[in-house]
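Heads up: the structure comes next, in C-alpha cells.
The values are calculated or read from the model by the stated rules, or taken from the named source; none is laboratory data. These figures come from a predicted structure and were not determined experimentally.
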Amino acid sequence: MSINDLIDHTTEYIKQQEEKVEGMKKMKEKLQLCREGSSRHENIFVVRDLGSALEVVFTNYSGCINNGSFLLGEIINIMKEGGAEVVSASFHNVGGVTRHTIHSQEYCSRVGVDTDRIYERLKELSKATQS
C-alpha cells in the first residue's frame, strides 16, 4: 500500500468517525429532549363512542416512542377489559408528538362496550404516566 493510499484510507476513516460522533450527538440531544419533554406536556386521551364501535386517540408529547409503545399495550388491555375488540391501530409521529389511533368494536353485542369505564381507566393511566 502506497503512502497516498494510506493517507486516503486514513482520511476516509476519520470522516466516518466524525459522522458517527455527529450521529451520537444528535441521539444525545433527542434523548435529552425526550426526558425534558415528558414533563412539559400531558398525554391526552380522547374516547369517541360510535355506537357499536369505539375510537381512542392517544397523543404522547414526550417524543419517546418507547414510552408511547408501552402505553399503547396498556391502552389495548384496558379496551379489551372494557369489552372492546381492537380492529385496527395506527400511529403518526411528527416533531416529537406521537398520535395513536385505535379503532375497536364491541366484543359481544349483548354486553356492549363500557365506554365510561374505559375512559376512567385511561384517565388513571394518564395520571400515572405524568408522575
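What the table below lists for this structure:
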item: Test: residue in segment 95-118 that is at pLDDT 75 or above, hydrophobic (A, V, I, L, M, F, W, C) and part of a helix (DSSP H, G or I); result: yes
item: Residues located in segment 1-28, provided they are more than 42 Å from the chain's Cα centre (by Cα) and in a helix (DSSP H, G or I); result: Ile3, Asn4, Asp5, Leu6, Ile7, Asp8
